[in-house]
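Down below is the structure, laid out as structure tokens.
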Amino acid sequence: MSTTANDRSTVEAARDRAPEGQKVAVVTGAARGIGEAIAQRLGRDGLHVIVADLPSMQEGVASTVEAITSAGGAATAAETDVTKDASVEALVETAVEAGGHLDVFVANAGIAQVQELIDYDAADFQKILDVNVTGVFNSYRQAARQMIAQGHGGKIIGAASIVAFRPFALLGPYSATKWAVRGLTQAAAMEWAEHGITVNAYGPGIVGTAMWDLIDEKLAAKHGQQRGEALEENARSIHLGRVSVPEDVAAMVSYLAGPDSDYVTGQTMLVDGGIQFS
């Protein structure tokens with residue numbers, strides 16, 4: 001996003017229109033699962049939430065927006081494809097139009113593919129890189145450009161995973177993309193600290209979502225198990241004794257988006273019930 005004199009004037013004018021004291025957050029991949037829980041939590045925290053997802057996911061986006069506004073919060077629906085830089089730039093502009101400024105950007109959008117490396121399709125490998133790495137890169141950079149232009153810092157938060165620390169079998173490329181998110185998060189935190197921007201990531205463990213349903217199905221097929229057995233087997237490694245729910249992750253994002261984390265940057269915070277220790 002350009003930072004010409006005209007653009008700076010536009011940013012300043014937009015800031016003047018912002019509701020007094022209300023911060024604005026973007027959440028990508030917010031139509032369902034962890035992204036939906038994050039959007040709803042930030043809405044309850046008092047932020048105006050831009051609920052963003054693909055055009056094909058707008059029914060879920062509308063449902064998330066309805067949940068936030070029904071609870072007394074403020075939310076705006078948005079279409080975005082994080083693999084396209086221009087689409088993310090437009091998303092940031094939507095946030096500024098809706099709330100006057102951008103304070104928090106949660107780069108939650110991501111995909112998982114469950115397959116053994118030997119059988120992994122090259123086109124699928126490129127697709128997961130496009131969404132999980134390029135999508136985070138586009139999101140981080142466009143958010144930072146807006147925050148730097150505004151001149152009052154901000155919070156950028158990315159979706160890593162437990163597998164950013166130790167990969168899981170059948171999730172090789174997915175694991176690699178989440179290691180990349182850790183690296184981007186650390187580098188961005190170094191470069192943008194001078195602008196008052198913190199950059200962190202969250203690392204969910206085993207969460208009761210559609211992704212883990214797919215992992216369970218694939219593992220069960222490989223090992224001749226019934227559905228649910230592979231998930232139960234992996235869940236035994238959780239020291240707190242239960243599979244996570246999306247709200248567990250949303251609580252961590254709430255912390256990273258709020259003032260209590262102002263002195264935290266460059267970190268990937270595990271939310272896994274005690275599987276990995278770092």
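Numerical summary
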| quantity | calculated |
| --- | --- |
| Distance histogram for region 25-92 (every C-alpha pair counted, 5 angstrom bins, percent rounded to whole numbers) | 4, 23, 32, 24, 12, 5, 1 |
| As computed over region 7-164, the Cα convex hull volume per residue (Å³) | 110 |
| ALA107 long-range amide H proximity, modeled H, under 5 Å | ILE157, GLY158, ALA159 |
| Normalised per residue, the volume of the convex hull around the Cα set of region 43-135 (Å³) | 112 |
| Phi to ³J(HN,Hα) by Karplus 6.51 cos²θ - 1.76 cosθ + 1.60 over region 76-85, Hz, x for Gly, Pro | 10, 7, 8, 9, 7, 10, 5, 6, 10, 4 |
| Fraction of accessible area attributable to carbon and sulfur, the chain (%, probe 1.4 Å) | 51 |
| Rg [Å, one decimal], Dmax [Å, integer] - region 185-278, C-alpha atoms | 16.6, 54 |
| Stretchable slack from ASP262 to GLU116, in nm (0.36 nm times residue separation minus alpha-carbon distance) | 48.5 nm |
| Table column - 3J(HN,Hα) (Hz), region 238-254, Karplus curve with 6.51, -1.76, 1.60, x for Gly and Pro | 7, 5, 7, x, 8, 5, 6, 10, x, 5, 4, 5, 4, 5, 5, 5, 4 |
| The chain: C-alpha pair distances exceeding 33 Å, % | 19 |
| Value of relative contact order over the chain, rounded to a whole percent, pairs C-alpha under 8 Å and six or more apart | 18 |
| Cα-based convex hull volume of region 107-216 per residue, rounded to whole Å³ | 92 |
| Alpha-carbon centroid distance for the pair region 204-278 / region 63-131, whole angstrom | 20 |
| Residues whose placed amide H lies under 5 Å from that of ALA75, excluding near-sequence neighbours | VAL49 |
| Bins of 5 Å, starting at 0 and running to the largest distance - Cα pair percent for region 137-189 | 4, 20, 25, 17, 14, 10, 6, 3, 1 |
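The values are calculated or read from the model by the stated rules, or taken from the named source; none is laboratory data. These numbers come from a predicted model, not from an experiment. We work out accessible area using only protein heavy atoms, side chains counted, and drop any ligands, DNA or RNA first. Shrake-Rupley method; radii C 1.70, N 1.55, O 1.52, S 1.80 Å.
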